[in-house]
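The values are calculated or read from the model by the stated rules, or taken from the named source; none is laboratory data. Quantities reported herein were computed from a predicted structural model and do not represent experimental measurements. No Cβ is skipped: glycine too gets one built from the backbone with ideal geometry, and neighbour counts run over all protein chains shown.
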Amino acid sequence: MIAYETRLGKIDISEAYLSKLIGHEVTSCFGVVGMVPSGSRQKLFNRFSKTDRADTGICVTGDADSISVELHIVVTYGMNINAIAASITEKVKYAVKEIAGINVDKVTIKIDGIKE
């Protein structure tokens, strides 16, 4: 849970909310096919779940000042990986700053697969 004080009161933002927000932004990027489960908990949950979740393959760490994001994605074959990574990085930083008011310090993108 990320919590910080404003002049209007206390704001609590969960990592699950940030993961879903980031997941929607990443999957809307051109060239991204999908997300890959990153941890053993996500792998186990996806094995029993029939639906794709927005927070699959995302790990958010940090505090109210800044967060770090780790993404596990699958990309389209033949696409420029540097362009996809730059697009994802800018989109994630912008969305989290505008919606949650938190700076994204670092976005680590791990490409776990390629699909045609």
Hits in region 1-42 - residues which are charged (D, E, K, R) and more than 18 Å from ASP65 (Cα to Cα): LYS20, GLU25, ARG41
From the options VAL74, VAL104, residue that is surrounded by 13 or more Cβ atoms within 10 Å (Cβ to Cβ) and within 15 Å of ILE2 (Cβ to Cβ): VAL104
Matching option when the condition is at pLDDT 80 or above, farther than 16 Å from VAL92 by Cβ and surrounded by 17 or more Cβ atoms within 10 Å (Cβ to Cβ), among VAL60, VAL32, VAL36: VAL36
Within region 85-112, considering residues that are under 28 Å from LYS10 (Cβ atoms) and part of a strand (DSSP E or B), the one nearest to the chain's Cα centre (by Cα): VAL107
Residue list for region 55-84, filter: under 16 Å from SER28 (Cα atoms), part of a strand (DSSP E or B) and under 11 Å from the mean Cα position of the chain (by Cα): ILE58, LEU71, HIS72, ILE73
